[in-house]
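Worksheet for the structure shown next.
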Amino acid sequence: MEDDVLKNIGTIARALDAIANVEFKQFDLTKGQYVYLVRICEHPGIVQSHLAELVKIDRSTAARAIKKLEANGLVERRKQPGNDKNKALFATDKGMAVYPTLKRENDYSNEVALTGISEADRQKLLELTNQMAQNVGADWTLVKDGHQRAY
């Protein structure tokens, strides 16, 4: 059963990602860049390492995505007082103008995915997937730090 749950979650994630990649081309967002832009809009001033941790992606992948967002004028880096190493990330006016569309798409996708599921089951599903994310996050950190999972 556990295997089926992860297969379903993977299928859902890939389908929604593919849809978003097509719908967000008009904003010069490709290959999941919208995820980074949303998180930067939701966490103004976040530094790249924290963003990578939040999205559960390696730093080099995050760096490439952020550079593309900068090149498209959606995100900018700003120096932080007393910290020359880590620059804070902010959405530009152009990036902030895109955010409401990204948020509406996310809300719509949630509603489509949860159609026919009662409010109680939605709440339970949220609790369960939060627990799953926490469980997997621990393994992600373990592997990211150079350790091997015991399976």
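The values are calculated or read from the model by the stated rules, or taken from the named source; none is laboratory data. Everything numeric here is computed off the predicted structure, so don't read it as measured data. Every residue, glycine as well, gets a Cβ built from its backbone with ideal geometry; the counts of neighbours run over all protein chains shown. We work out accessible area using only protein heavy atoms, side chains counted, and drop any ligands, DNA or RNA first. Shrake-Rupley method; radii C 1.70, N 1.55, O 1.52, S 1.80 Å.
Here are the numbers:
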item	result
Cα-based Rg of the stretch 87-128 normalised by 2.2 N^0.38 Å, two decimals	1.67
Rounded to 10°, Cα long-axis angle of helix 2-23 versus longest principal axis of the chain	40
Whichever aspartates and glutamates have a C-alpha closer than 18 Å to that of Lys56, once near sequence neighbours (fewer than 8 apart) are set aside	Asp17, Glu42, Asp139, Asp145
Debye, to nearest 20: dipole size of the stretch 97-151, +1 on Lys, Arg Cβ, -1 on Asp, Glu Cβ	140
Cβ-placed point charges (K, R +1; D, E -1), dipole of the chain about Cα centre in debye, nearest 20	780
Translational diffusion of the stretch 25-111, µm² s⁻¹ [Kirkwood Rh, Cα pairs; Stokes-Einstein; 10 °C; 1.306 mPa s]	121
Average projection area in nm² (convex hull over Cα atoms of the chain, one quarter of hull surface)	10.9
Helix-only [θ]222 nm of the chain, DSSP H runs n ≥ 4, -39500 (n - 2.57) each, per residue, nearest 500	-22500 deg cm²/dmol
Dimensionless Rg ratio for the stretch 60-140, taking C-alpha atoms and the 2.2 N^0.38 Å reference	1.53
Rg/Rh for the stretch 20-69, where both radii come from Cα atoms and Rh is the Kirkwood radius	0.95
The chain, accessible area per residue, ligands and nucleic acids excluded (1.4 Å, Å²)	69
The chain: angle of helix 33-42 to the longest principal axis, Cα-based, in degrees nearest 10	80
Cα-Cα over 23 Å, subset of Lys68/Lys94; Lys103/Lys144; Lys7/Lys103; Lys67/Lys87; Lys25/Lys103; Lys7/Lys31	Lys103/Lys144; Lys7/Lys103
Of all accessible heavy-atom area on the chain, the percent that carbon and sulfur account for (1.4 Å)	55
17 Å tail of the calculated P(r), the stretch 1-48, as % of Cα pairs	49
The stretch 1-65, dipole about Cα centre (Lys/Arg Cβ +1, Asp/Glu Cβ -1), debye to the nearest 20	260
Overall dimensions of the stretch 98-151 as given by Cα atoms, namely Rg and Dmax in Å	16.1, 43
